[in-house]
Amino acid sequence: MKMKMNGITALSLSALMLWGLSGCQPPPQERVAVLVSGDLEPDNKSVDKKNNNDVYTEDIESLQVTLTEIVLDQANTPPLSPGEGEPETGGKIVVFSGSVDLEMRDLIGVSELISEADIPAGRYTKIRLAIENPRLTLVSDPETVITDIQTTANGHLFVSEEFEVPAGQDSLILLDFQGLHLVKTGNGKYVWTPQLRAEISVEAADVQVQGAIESIDTEADTLMLLPDSGSDAVLVDYAAAAIYLPEDTDTATGTEADLVAGAAVIVEGELNVSGEITATAVWILPI
């Protein structure tokens, strides 16, 4: 079930009420966009002989997983000096809750926009992800979908790293799946141990977003895109974009007239920190 983000979660509202009762001003709410990418290229196959059970990217037809939640842990104590132990954890802010399928091979070199949310500015100590239902097909047998795949900590991944969401500006949170880390065990099962890296940025990022066109403004060469992840509509500037029809492969033959409300598309381009995408390509999907 897709869930629409309303910007401020119930946890955020509770925090605001507590701030009000204490007589203090609540921290400012800042817009963040959460993106996921994948760096799945393993070591060179001819060189890495340490584990003959490793599954390499070139052997994979498809590797999909369902992302169900992204949570940020707030810090409610000042930064610590070295050797002072762990910071005290504040509230937990849910920036995505729903169900979105990720094709890991498609995330090599590009990021997928998962959600946008308004969260309190300030310090955070951890990012948590929940994934489920990994599905694998191999080049050697593309008709067989392998679902017996064990994941790290039953699909609960996290990045323990302090970072700051600055006040007065929008930010991008980029979550990167580092390496493939897929192994076939001796009993024929698979173990996938994805590792995450987090990056907080105030610069634009290359993205890929799949969704439906909500509306078109042909005079401004823009469209509003409703992402399949269920997040809020995103403004897309398609003025310089190549438009690919469903039957197109290498050469784009589509025109602005092919962009109609309700059409399912994939938009590739650059997401800036204000949440707008400057598209380089728009792929119209078959009905």
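Can you run phi through the Karplus equation (6.51, -1.76, 1.60; θ = phi - 60°) for the range 131-140 and list ³J(HN,Hα) in whole Hz, with x for Gly and Pro?
Taking θ as phi minus 60°, the curve returns 10, 8, 6, x, 10, 10, 10, 9, 4, 6 Hz for the range 131-140.
Given N residues in the range 191-255, what is Rg(Cα) / (2.2 N^0.38 Å)?
So the range 191-255 has a normalised radius of gyration of 1.47.
Would you kindly derive the ³J(HN,Hα) couplings of the range 115-126 from the backbone phi angles with the Karplus curve 6.51 cos²θ - 1.76 cosθ + 1.60 (θ = phi - 60°), listing them in order in whole Hz, with x for Gly and Pro?
7, 10, 8, 9, 10, x, 5, x, 9, 10, 10, 7
Within 12 Å, Cβ to Cβ, of L63, how many net charges do the neighbouring residues add up to if Lys/Arg are +1 and Asp/Glu are -1?
Value of the local net charge: -3.
Each reported figure results from applying straightforward, stated rules to the coordinates on display, with no laboratory input. Treat the numbers as computed from the prediction; the structure is a model and nothing was measured. Note that we place each Cβ from the backbone using ideal geometry, even for glycine, and neighbour counts take in every protein chain shown.
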